[in-house]
Structure formats: structure tokens, C-alpha cells
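The values are calculated or read from the model by the stated rules, or taken from the named source; none is laboratory data. As the structure is a computational prediction, the values presented were derived from the model and not from experiment. When we count neighbours, we look across all protein chains shown, and the Cβ atoms used for this are built from the backbone with ideal geometry, even at glycine. Heads up: the accessible areas ignore ligands, DNA and RNA and are worked out on the full protein's heavy atoms, side chains in. Shrake-Rupley method; radii C 1.70, N 1.55, O 1.52, S 1.80 Å.
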Amino acid sequence: MQRKMELNQVYALAQPGLSEVETTFAQLIDSQEEFPEMQKMLRQVLVGGKVMRPMLTLLAGMFYDYDLKVLQPMAASTELMHIATLVHDDAIDSADCRRGRPTINAVWGVDLAILAGDFLFARAGEMAARTGSIRVVELFSQTLGIIARGEVKQALASFKLDQTFEQYIERVAAKTAALFTLSTVSGGILSHAPENSVRILHDYGYNLGIAFQIVDDILDFVGNAKDVGKPVGADLAQGTVTLPAQKLLQRYPKDNPLMAIARKEDLDNNIKKVIEMVRNSDIIDECYKLAEDYCCLACRDLMKLPAKPPSEALMTLVDYVIKRNK
């Protein structure tokens, strides 16, 4: 069993690359000096926030030929893609707040938010191209397609209760795991990792992404707006049937406020009822158990990678995913 690091040690290990990512974002903001309104939008979304995806790229690139000159642009690319998806999500959902800050659509309107998200996607693609790796650029494009397709499927499934667990995992895979996989696989490719190691990094990123989203879905029921970055119950308000809601429906297939939500009746009151029912059951524990199972899958083959600090760091991130805000 590999030992683990403290979370601050993981950040310290990736810090040189993370600092370069922050510098890249600052330069991107500065590059729009002649377009003050775009600058304001970029400052709204590129300042602060989490660094999970770029950190995964940097750590995955440390097992073999570590070259920050190519890893850093890709680390920036993964985070820009992530932020762009959030900008589009907030516009589609008419969300007013993200991470304690007004969303772009709340300040500038939906149309400009969509265009700002497009701008971020374009810059993310530019960063991926700076790696000089055709394979990575292809992977970037494929990932963007997977995410877009997943968002369309989620929109079409809104307020529909007849969804299977397999459909939920498919949606989560497209929504979150695809970008986690891009992060880890691109790091492996850019460090010239052998194909068996790239596969291990792929499986790690995929399974960690599934676990991460399951925990996100749990926090939509038991978290608070400050920690989660959006109002509790936001998924229910958008008609998104996540794992806790699925499990509640399985237990109470006939007498369930989810049915009223599906009919868009008295949403605020029925959302509160669903949250209370989930909190007063063992559904949350069951969901955490599933997230832990996916974390175990993520770590299953990590010991086959070179025994270096990055493998310990990846193990630590698994613990962080399960324990955050728990």
C-alpha cells in the first residue's frame, strides 16, 4: 500500500506548474486590455476557485519525462475548459451565483455569457495546441464533444423520473469524468508515458471523476451554498435527477414529492421535502459508499506506476474527494 501525503504537500508538489497556470490566466486577462468589458468578464471567472484538473495534469506528467513547458499549457487548458462549461451551465440554468460571486449571465445576460464561454473554449483549445501534440489536441476535441453531448442528454432528461442508474453514470461520465480523464491522460502522453501507464492514468481519472461528481451530488442535499458554490437543491430545481433522488424514488415509488417536482408543482416547498427525506435516511451513506468504491477503482493500479511522490499525491487526492465538506 502506497503512503499518502498531506494535502498541502500535494499542492506544494504541483505548485510550480499551478503558479504558471495563474500567470497564464493573468496574461489572458491582460490581453483583453482594449476590450474592458471582456476583461471584466474574465476577472469574474478566472480569479480564485479550485485547481483539481490542472493539478491532475501536472501530477500525471511527473512519472516519466517531466517537462513543465508542455504540461503547463495543458494544465491551463483543462481548467479553462472546466470554467467554460461552468459559464455555459450557469447561463442555461439561469444561475445567479457561483463560488460566492455573481455569474456572468447575472451581470451581463445569457447571450453574452454564452459568447464568453465560447471565448474560453477557444482559448482552451489554443492552450492545448501549444503542447505540440496532435494526440492531445484530438483528445481535447473528443472531450469537448463528450461534454456537449452529455449536456444535451441532461437537458432532454430534465424533470423525467424514469432514468436508470446506468443513465446516471453515463451522464456523470460525460459531465465530470471526461474532463478528469483528459487531465490525467494528457499528462501521461506529454511525459511520454508507456501505453500501459497511460491506461492506468485514464482509469484513475475516469473513476476519480465519477466519485467526485457523486460527492457533488450528495452535497447538493447536505452541503451549504458557501462550500458548494451554488444553492443547495440547485439540481432538483433544474429537474436533474441525481443519485440521491434516484434512491429516494426507489424507496418511495408512489408517495414522493419528486413526482410533484417532475410536474413543476410548488418547486420550493417540494424541494425542501425531498432534501429533508434524503437527510433523514441512510441514502447519503449509501451514496458515499458508492463514491468510495469508485475511488478504490481509481487507485487499483496506481502501484504499478513508478513509486514516486506523484503516486502518493494521487492517493491523497482520492481521500480529499471523499472527505471534502463531509
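Checking F63 against (1) at pLDDT below 95; (2) out of contact with any Phe, Trp or Tyr (no Cβ under 6 Å at 6 or more places or on another chain); (3) open to solvent by less than 50 Å² (accessible area, probe 1.4 Å), which test does it fail?
Failing condition for F63: (1).
Of these, L56, L68, L115, which one is within 15 Å of S183 (Cα to Cα) and open to solvent by 30 Å² or more (accessible area, probe 1.4 Å)?
Only one candidate passes the filter, namely L68.
Considering every residue within the range 86-104, establish whether at least one is surrounded by fewer than 15 Cβ atoms within 10 Å (Cβ to Cβ), of a type in the set (G, A, S) and either farther than 30 Å from A155 by Cβ or in contact (Cβ under 8 Å) with a residue 24 or more places away in the chain (or both).
Yes, the range 86-104 contains at least one residue that is surrounded by fewer than 15 Cβ atoms within 10 Å (Cβ to Cβ), of a type in the set (G, A, S) and either farther than 30 Å from A155 by Cβ or in contact (Cβ under 8 Å) with a residue 24 or more places away in the chain (or both).
State which residue pairs qualify: first residue among the aromatic types (F, W, Y) and inside the range 302-321, second residue surrounded by fewer than 21 Cβ atoms within 10 Å (Cβ to Cβ) in any location, beta carbons under 7 Å apart, and separation of 6 or more residues or different chains.
That search, which allows pairs on different chains as well, returns Y320/L7.
Within the range 216-229, take every residue that is of a type in the set (V, I, T) and surrounded by fewer than 23 Cβ atoms within 10 Å (Cβ to Cβ) and give me the one that is farthest from M74 (Cα to Cα). First the steps, then the outcome.
If we filter the range 216-229 for residues that are of a type in the set (V, I, T), which is where we start, we get 218, 222, 228.
Restricting the remaining residues to those that are surrounded by fewer than 23 Cβ atoms within 10 Å (Cβ to Cβ) gives 222, 228.
Numbers: V222: 34, V228: 26 Å.
Per the stated criteria, the residue is V222.
Quickly run through the range 124-136 and pick out the residues that are within 16 Å of L179 (Cα to Cα) and open to solvent by 50 Å² or more (accessible area, probe 1.4 Å).
R135
Could you run through the range 299-310 and say how many residues are assigned to a helix (DSSP H, G or I) and surrounded by fewer than 22 Cβ atoms within 10 Å (Cβ to Cβ)?
Result for the range 299-310: 5.
With the requirement that a residue be closer than 19 Å to D235 by Cβ and buried (at least 17 other Cβ atoms within 10 Å of the Cβ), what does the range 164-194 give you?
Within the range 164-194, Y168, I169, R171, V172, A173, A174, K175, T176, A177, A178, L179 meet the criteria.
Taking N280 as meeting all but one of (1) over 26 Å from A91 (Cβ atoms); (2) more than 24 Å from the chain's Cα centre (by Cα); (3) open to solvent by less than 70 Å² (accessible area, probe 1.4 Å); (4) not basic (K, R), write down the number of the exception.
Among (1) over 26 Å from A91 (Cβ atoms); (2) more than 24 Å from the chain's Cα centre (by Cα); (3) open to solvent by less than 70 Å² (accessible area, probe 1.4 Å); (4) not basic (K, R), N280 violates only (3).
Checking A14 against (1) open to solvent by 60 Å² or more (accessible area, probe 1.4 Å); (2) under 24 Å from C296 (Cβ atoms); (3) of a type in the set (G, A, S): exactly one of these is not met. Which one?
Condition not satisfied by A14: (1).
Consider Q32 against the criteria (1) closer than 29 Å to A106 by Cβ; (2) open to solvent by less than 30 Å² (accessible area, probe 1.4 Å); (3) under 21 Å from the mean Cα position of the chain (by Cα); (4) among the polar types (S, T, N, Q): it satisfies all of them except one. Which criterion is unmet?
With respect to (1) closer than 29 Å to A106 by Cβ; (2) open to solvent by less than 30 Å² (accessible area, probe 1.4 Å); (3) under 21 Å from the mean Cα position of the chain (by Cα); (4) among the polar types (S, T, N, Q), Q32 is out only on (3).
Could you check R324 against (1) surrounded by 14 or more Cβ atoms within 10 Å (Cβ to Cβ); (2) closer than 20 Å to I218 by Cβ; (3) at pLDDT 95 or above and say which number it fails?
(3)
Within the range 114-145, how many residues are under 18 Å from L42 (Cβ atoms) and in contact (Cβ under 8 Å) with a residue 60 or more places away in the chain?
5
What helices (runs of 4 or more DSSP H) lie completely within the range 188-271 and have 1 or more residues being small (G, A, S) and modelled with pLDDT under 95?
Helices (runs of 4 or more DSSP H) meeting the threshold: 225-228, 234-237, 257-262.
Report yes if C296 is exposed (fewer than 14 other Cβ atoms within 10 Å of the Cβ), in a helix (DSSP H, G or I) and hydrophobic (A, V, I, L, M, F, W, C), otherwise no.
yes
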